[in-house]
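Single-structure report; data block below.
The values are calculated or read from the model by the stated rules, or taken from the named source; none is laboratory data. Just so it is clear, the structure is predicted and the values come from calculations on it, not from any experiment. Neighbour counts run over all protein chains shown; Cβ positions are idealised from the backbone, glycine included. The accessibility values were calculated without ligands, DNA or RNA, using every heavy atom of the protein model including side chains. Shrake-Rupley method; radii C 1.70, N 1.55, O 1.52, S 1.80 Å.
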Amino acid sequence: MKSAGREFNRDPESIIYGIPSFVDKEYIYAEALDTISLFSSAMKIGWRKALSALPNVYLREYIMNPRRLCFTHLLDIKKGSKILDLGAGWGSISLPLSKSFPKITVYSLDKTLESLLFLKIVKDQEGLSNLKVLHGDAGDIPFQDEFFDHVLIIGLLEYLGIPHDYKSPRDGQLKALKEAYRVL
């Protein structure tokens, strides 16, 4: 049963640049330096100019590829739907989804703070009030049971199970899938 008043099942550990953080340790990934640079530039010159000036062409195309939403016709998205983009990264799914469906709420959850900082800048600069950016772990989703109408897991499972977090990749993947099912 969906909870009537409270979306989170616990309070955030901290708030970082307006992003509720539900993790207490840092997580670093390969494109961290590119993303920090992108975040800094986006604050100064706007996200569109910063992204077009990004030297990492692969990352630039990945973030803005319009084909990333080609699956939405498979979902029964209704007014008022709540969708969790688990492993949202820079928002390559969350951003166009929130723009295409302004009457829903999209929650972007990722463990990589650097990419979420960029996503928050874009959200603010685009005025996307239906997009919520959250720092958290897919294996410990900070929402009430049965809170979401849809949970998207696109390009995440292969990154789970980093040895210092889980015993094996399979353990990390199963934990995230169980959590996704719990909040669905």
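Checking each residue in segment 72-87 for being within 17 Å of the chain's Cα centre (by Cα) and not hydroxyl-bearing (Ser, Thr, Tyr) picks out 82, 83, 84, 85, 86, 87.
Looking only at segment 102-119, residues that are charged (D, E, K, R) and either assigned to a loop (DSSP other than H, G, I, E, B) or open to solvent by 40 Å² or more (accessible area, probe 1.4 Å) (or both) come to 2 in all.
Can you tell me which residue in segment 82-101 is nearest to residue 181 (Cα to Cα), limited to those that are among the hydroxyl-bearing types (Ser, Thr, Tyr) and open to solvent by less than 10 Å² (accessible area, probe 1.4 Å)? Filtering first and then ranking leaves 94. Scanning segment 26-71 for residues that are open to solvent by 30 Å² or more (accessible area, probe 1.4 Å), modelled with pLDDT under 75 and over 21 Å from residue 128 (Cα atoms) turns up 26, 27, 28, 29, 30, 31, 33, 34.
The single condition among (1) at pLDDT below 95; (2) in contact with a Phe, Trp or Tyr (Cβ under 9 Å, 6 or more places away or on another chain) that residue 133 does not satisfy is (1). One residue stands out among those in segment 1-25 that are assigned to a loop (DSSP other than H, G, I, E, B) and in contact with a His (Cβ under 7 Å, 6 or more places away or on another chain): the one that is modelled with the lowest pLDDT, which is 23. The sole residue among 99, 175, 123, 79 that is assigned to a loop (DSSP other than H, G, I, E, B) and in contact (Cβ under 8 Å) with a residue 12 or more places away in the chain is 79. Looking only at segment 32-59, residues that are free of Cβ contacts under 8 Å to residues at least 60 places away in the same chain and more than 22 Å from residue 152 (Cα to Cα) come to 18 in all.
Apart from one condition, residue 182 fits all of (1) in a loop (DSSP other than H, G, I, E, B); (2) of a type outside the set (A, V, I, L, M, F, W, C); (3) modelled with pLDDT of 90 or more; the exception is (1).
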